[in-house]
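Okay, so here's the structure we're looking at.
The values are calculated or read from the model by the stated rules, or taken from the named source; none is laboratory data. In this text the structure is predicted, and so the values were computed from the model without any measurement. When we count neighbours, we look across all protein chains shown, and the Cβ atoms used for this are built from the backbone with ideal geometry, even at glycine. With ligands, DNA and RNA removed, areas are computed over all heavy atoms of the protein, side chains included. Shrake-Rupley method; radii C 1.70, N 1.55, O 1.52, S 1.80 Å.
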Amino acid sequence: MAKTSTTTQGLRAAIERSGYYPALVAEAVEAAVGGEPIRSYLVHQETTFDQNEVRRHVTVLVLTGTRFIVSHTDEQAADNTSPTPYATTSTESVKLGRISSVVVSRVVANPESYTPGSLPREVVLTIGWGAVSRIDLEPAACGDPNCEADHGYTGSTTADDLSLRVSEAGDGPETVRQALAFAQAISEATADPTR
């Protein structure tokens, strides 16, 4: 990452603030970004409970002039493959032209008294680029309730590449603002006809 950019410094600070293996996460993100200037970013830490264990996960989203970069880092407890706890970090780099959809869902309290510019209670950002799809199938039927013929199956395919939820109560208002800013930046970038 270019060390002189204010945006790059902000990303590094956000990764460090997450407190989740910042050296490991930053190194993976820096390697994926390379020398490209960063246009926008979002760092989201999520804590989950898996039976008797607490697990942490951090997602870092980065937008450059040509790519959308996704980094995930998970921690794992010691198991039969490793006698000590370990972390797994992965990054994916997607050309902006491959992004097929950006969906932003906002949840607002008391919508009848909503004031433009007010912060939503939560934001769900879903980005699709065709890497992962989910197929939901069910038996097809006709309108005849007495029909016993096999009509095959019917279903739908849903892009399921990335869905990220942030809330004011769980993540704080600044993370919600950052999610909205990132959503706007990636929406604008994918609308650019030169991509």
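Here are the numbers:
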{"read-out": "Number of positions in region 35-58 that are within 16 Å of the chain's Cα centre (by Cα) and either over 23 Å from Arg165 (Cβ atoms) or buried (at least 17 other Cβ atoms within 10 Å of the Cβ) (or both)", "value": "7"}
{"read-out": "All positions within region 20-29 that are open to solvent by less than 40 Å² (accessible area, probe 1.4 Å), without any contact (Cβ under 8 Å) to a residue 60 or more places away in the chain and either among the small types (Gly, Ala, Ser) or touching a Phe, Trp or Tyr at 6+ places or on another chain (Cβ under 6 Å) (or both)", "value": "Ala26"}
{"read-out": "Index of the failed condition, His72 passing every other in (1) assigned to a strand (DSSP E or B); (2) over 18 Å from the mean Cα position of the chain (by Cα)", "value": "(2)"}
{"read-out": "The listed residue being buried (at least 16 other Cβ atoms within 10 Å of the Cβ) and among the hydrophobic types (A, V, I, L, M, F, W, C), out of Ala13, Ala32, Ala77", "value": "Ala32"}
{"read-out": "Looking only at region 1-10, and only at residues there that are hydroxyl-bearing (Ser, Thr, Tyr) and surrounded by fewer than 12 Cβ atoms within 10 Å (Cβ to Cβ), the one that is modelled with the highest pLDDT", "value": "Thr6"}
{"read-out": "Enumeration of residues in region 14-36 that are out of contact with any helix residue (DSSP H, G or I) (no Cβ under 6 Å at 6 or more places or on another chain) and of a type in the set (Val, Ile, Thr)", "value": "Val29, Val33"}
{"read-out": "Test: residue in region 164-174 that is of a type in the set (A, V, I, L, M, F, W, C), touching a strand residue (DSSP E or B) at 6+ places or on another chain (Cβ under 6 Å) and modelled with pLDDT under 85", "value": "no"}
{"read-out": "Residue among Ala183, Ala189, Ala109 that is touching a Leu at 6+ places or on another chain (Cβ under 6 Å), of a type outside the set (Phe, Trp, Tyr), modelled with pLDDT of 85 or more and over 25 Å from Arg56 (Cα atoms)", "value": "Ala189"}
